[in-house]
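Undergrad: I have a structure here, written as structure tokens, and I will follow up with some questions on it.
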Amino acid sequence: MKKTNTKKKILKKATDLFYEHGFVKASIRDIVRAVGVTNSTVYIHFRNKDEILYSIIEDIGSTLMEQLQEVANNHPDPIVCLREMIFRQVCLIKEKRKEIKIYIEEQYQLPTPLRKKALAQQRQIFDIYYNKIGELKEKGFTNELDQTVVTFCIFATMNWAYRWFRDKRKLSIEEVAEYMINILFSGILKNGVVYDTGTSISV
């Protein structure tokens, strides 16, 4: 088994175990057993369980950052851009539910140096939304709202969807994302603000 493939398999099995049992209860021994390798093989790639957790958190954070930056580069209209950012992040649950749960619930388990690195990445993601809200405010598209509070409200709406959304129910994750966007925009945007697609937001 090649080193890169082994590392990916370790991370995949660790993700499954952290998702099912939590970081504290899942041991290196459990990971070793799930992957089918020796302890020394795991330690070739990671110094300890903390590094495995950080790798999972850093990877999902990087995936989200890449998607948000791609949206920002391709959508000059700030309303359309914010809508697509929220849509992409919510729909990420479809493929990355386990990683998102670990990202949100297990970060506090990291030792201080790794926790600081994870928080720095999290701050970058926050700033992408914060700056987009600022752009909307500058253009006069928003109600009189605090930029920081609005940004936190967006995250509060998106971040917990993984806990209650289930596939094969009445609504798809895409439809849930649209509901969230419409609810958020009804409070953020001024009445009558129009997308470049011609869709009017009425409150």
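The values are calculated or read from the model by the stated rules, or taken from the named source; none is laboratory data. All figures in this text were calculated on a predicted structure; none of them were measured in a lab. Virtual Cβ from ideal backbone geometry, glycine too; neighbours counted across all protein chains shown.
Undergrad: Taking region 1-14 as the region of interest, how many residues are within 20 Å of Q107 (Cα to Cα) and touching a residue at least 40 places away in the same chain (Cβ under 8 Å)?
TA: So the count comes out to 3.
Undergrad: A further question follows. Among the helices (runs of 4 or more DSSP H) lying completely within region 144-191, list those that include at least 1 residues that are free of Cβ contacts under 8 Å to residues at least 40 places away in the same chain and either more than 16 Å from K94 (Cβ to Cβ) or not assigned by TED's automatic domain parsing to the domain that holds I128 (or both). I'd like the intermediate steps shown before the answer.
TA: Working: elements: 147-159, 161-164, 173-188.
Of the helices (runs of 4 or more DSSP H) lying wholly inside region 144-191, those with at least 1 residues that are free of Cβ contacts under 8 Å to residues at least 40 places away in the same chain and either more than 16 Å from K94 (Cβ to Cβ) or not assigned by TED's automatic domain parsing to the domain that holds I128 (or both) span 147-159, 173-188.
Undergrad: Another question, if that's okay. In region 65-90, what count of residues is obtained for those that are surrounded by 18 or more Cβ atoms within 10 Å (Cβ to Cβ), within 10 Å of the chain's Cα centre (by Cα) and not aliphatic (A, V, I, L, M)?
TA: Number satisfying all stated conditions: 1.
Undergrad: So, one more: Taking into account only those residues within region 15-52 that are out of contact with any Phe, Trp or Tyr (no Cβ under 9 Å at 6 or more places or on another chain) and among the small types (G, A, S), which is farthest from L110 (Cα to Cα)?
TA: G36
Undergrad: Separate question: How many residues are among the hydrophobic types (A, V, I, L, M, F, W, C) and in contact with a Cys (Cβ under 7 Å, 6 or more places away or on another chain) when one looks only at region 49-102?
TA: Count: 2.
Undergrad: On to the next question. Scanning region 1-54 for residues that are of a type in the set (G, A, S) and in contact with a helix residue (DSSP H, G or I) (Cβ under 6 Å, 6 or more places away or on another chain), which turns out nearest to E99 (Cα to Cα)?
TA: A14
Undergrad: To continue, here is another question. Does T112 satisfy the condition of being in the same structural domain as I181 (by TED's automatic domain parsing), within 30 Å of E20 (Cβ to Cβ) and free of Cβ contacts under 8 Å to residues at least 12 places away in the same chain?
TA: yes
Undergrad: Collect the residues in region 17-30 that are within 24 Å of the chain's Cα centre (by Cα) and exposed (fewer than 14 other Cβ atoms within 10 Å of the Cβ), keeping them in residue-number order.
TA: Those that are within 24 Å of the chain's Cα centre (by Cα) and exposed (fewer than 14 other Cβ atoms within 10 Å of the Cβ): E20, H21, V24, K25.
Undergrad: Now, a different point. Within region 31-50, can you find the residues that are buried (at least 16 other Cβ atoms within 10 Å of the Cβ) and not aliphatic (A, V, I, L, M)?
TA: Scanning region 31-50 gives T41, H45, F46, K49, D50.
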